[in-house]
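Heads up: the structure comes next, in structure tokens.
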Amino acid sequence: MLGSRDYARLIISAMADGKPKSAQDIVNATSLERSKVWTALSKLWRAGLVLRTDRPVSENCKKFRGRHGATSNTRLYHLYVLNGDSTEPQDYSIDGRRFVRFSSEYSDKRGSKGEKSKARLILNFLKDNSDRAFYSTEIYNALKDRGVKMPDVMTAARRYERKGLLYIRGYQTHDSCSPFAEGYLVTWIDSSNKDETSALKDAVAKTNQALSNKASTNPVVERVLAIRNTTIAESELGRLVSFNLIRDKLGTTENEANTAVARAMQLYPGIKEVKLFGNFRYYYHESSMNGEVLNAALEMAKNYIRMSKGRANRIGHNWEACVEWFIDKFTVGAEFRMQNHRNNGNDGRMDPRRITLHLIKSVGDRRQNAEVDRVWTVTPSVFAKPITYVLECKWGIVRRKDLDDFFNVLKWSTDFGVDTPEGRQVKNGVIGVFAAGAFEDIHIKVNGKDGTEGEKITLAQYASRLNVQLLRASDFNQKLHDRQVPKEVTVQKICRAARNENDVRRMLDAIWDKPENAVKVLSDAITANSDVYRFEEELEEGKGKEKREVLPTELPSTAAAEV
């Protein structure tokens, strides 16, 4: 077994070349345990045998994770170098970095190793202001100039809470506690002139005073009040409140929203629920809407559901998922751009590979933002400049106006547009990709550069002039047929048969893995999703029934589902 001297000799041997090295570099060179290397380096630095940088080196570490994009974080570490003459009192620099001997000035500023304890600073602040309670964010803002960081506040507060010096309060539910919007409430328990019970009662009273104009102690109560206020306000405006709107406003999960709605209807009997098409829940306040206004609001809600939840909308989203599956499957060596979104969509999360662009000028009905389906970058060779591709999908026939709008979105976006002496242009190295079921078969008359009447070109040629690539459904079908998938199975039929975007991806994965089962996968999906087709027929006919009513309809045939 190696002793401490053996570790020291191995580390000094690894540093013999005189080049600055980090602890991780020495671990890689010696294959020793990290903890042993870090302990030995600390002892060597204190003994004056090695020198260390006076401040940590900051390095941005970026790791490429294939189609999932890239992750990055900031790494802080020190560099070490051998001290050539241990009796030499002077420090020196290498590559602009200053290497110093051990001193409390350069050691970690934590606890008793350098400066005053940050935990003691937090405790003294609460003790000096024992007449009130503070949110954890308020404590941080008051002490951040003295080196206190946000995680330090609650770490110290929990430690002193266990010692009985502080009282901490948050949202209290039946079996858990969570912070308020501004953080936990923390206050000093002043037991100097009173018994512990009285001191704790005073601490609770201080938190009550802090909460009097802020938040409720129970999140369910807050949600119930928000539902009541929203329902009354919308009803006064002649509008119904959908369950999805309530969930988005509360910022909760579906189960939490269901609990809050049920409790609100129990406490406020004036809040009524109506179920449209047996699926979509809406709420209104009974005394705020008369019969005529209520009927008008119901018809407006039904029309919205027909447009947003109908067959065309489902197939359009399925087509987007189909194109995205092929892009993800066959785009090799690409780095996809990722973007965090607020909760959105049926599954509560929007695909992070869908990108929202900010526009400096409105394009059509897009005012400030426009969404594209994928953005990825490919570097063709070592010395070539990266090429960025931007994907737009649309189900149905694409016309010239659709191409013009897509091109203008790229041109007027802050990401891909640039101002030039000739006006606003798309940046070099940015290529648009437009995927559609079909493109309009027209000839476009274009003028020559001198303003004279020019030739007539096809839509594909026009797209090429805009530097936009066109992808057709037939291109994707050819990929499937090259995989020996039967010709009667097409991406169009998959999009029409699938229940949603996840179902499209599942079907394509199954068909790609076992092409001989493609027909069965498609027919199984048509059978399993018959309720979706029936519901869409109800929407189109306008014969949806309210809650507890059943429609005597038959299942659609396989042929009808495919059309």
Exercise for review: Kindly indicate the residue of region 389-402 that is under 29 Å from the mean Cα position of the chain (by Cα) and buried (at least 21 other Cβ atoms within 10 Å of the Cβ) and also modelled with the lowest pLDDT among those meeting that condition.
Suggested key: 395
Review point. Of the residues in region 129-153, how many are under 21 Å from residue 202 (Cα atoms), assigned to a helix (DSSP H, G or I) and not hydroxyl-bearing (Ser, Thr, Tyr)?
Key: 2
Revision key, fill the gap. Here the residues within region 474-521 that are more than 10 Å from residue 322 (Cα to Cα) and basic (Lys, Arg) are 479, 483, 487, 493, 496, 499, 506, 514, 520
Exercise for review: Determine, yes or no, whether residue 184 is surrounded by 13 or more Cβ atoms within 10 Å (Cβ to Cβ), closer than 24 Å to residue 222 by Cα, at pLDDT 90 or above and out of contact with any helix residue (DSSP H, G or I) (no Cβ under 7 Å at 6 or more places or on another chain).
Suggested key: no
Exercise for review: Within region 63-97, track down each residue that is at pLDDT 70 or above and assigned to a loop (DSSP other than H, G, I, E, B).
Suggested key: 78, 83, 84, 95, 96
Exercise for review: Kindly check whether there is at least one residue in region 447-459 that is among the acidic types (Asp, Glu) and within 30 Å of the chain's Cα centre (by Cα).
Suggested key: no
Point to revise | Subset of region 126-137 (residues that are in contact with a strand residue (DSSP E or B) (Cβ under 8 Å, 6 or more places away or on another chain) and not β-branched (Val, Ile, Thr)) | key: 126, 127, 129, 130, 132, 133, 134, 135, 136
Exercise for review: Just need a number here: residues in region 166-181 that are surrounded by fewer than 16 Cβ atoms within 10 Å (Cβ to Cβ), part of a loop (DSSP other than H, G, I, E, B) and either among the hydrophobic types (A, V, I, L, M, F, W, C) or free of Cβ contacts under 8 Å to residues at least 40 places away in the same chain (or both).
Suggested key: 4
Exercise for review: Take residue 42 and decide whether it is of a type in the set (Gly, Ala, Ser), part of a helix (DSSP H, G or I) and under 20 Å from residue 104 (Cβ atoms).
Suggested key: yes
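The values are calculated or read from the model by the stated rules, or taken from the named source; none is laboratory data. The model shown is predicted, which means the values in this text are computed figures rather than measured ones. Ideal geometry is used to build each Cβ from the backbone, glycine not excepted, and the neighbour counts take in all protein chains shown.
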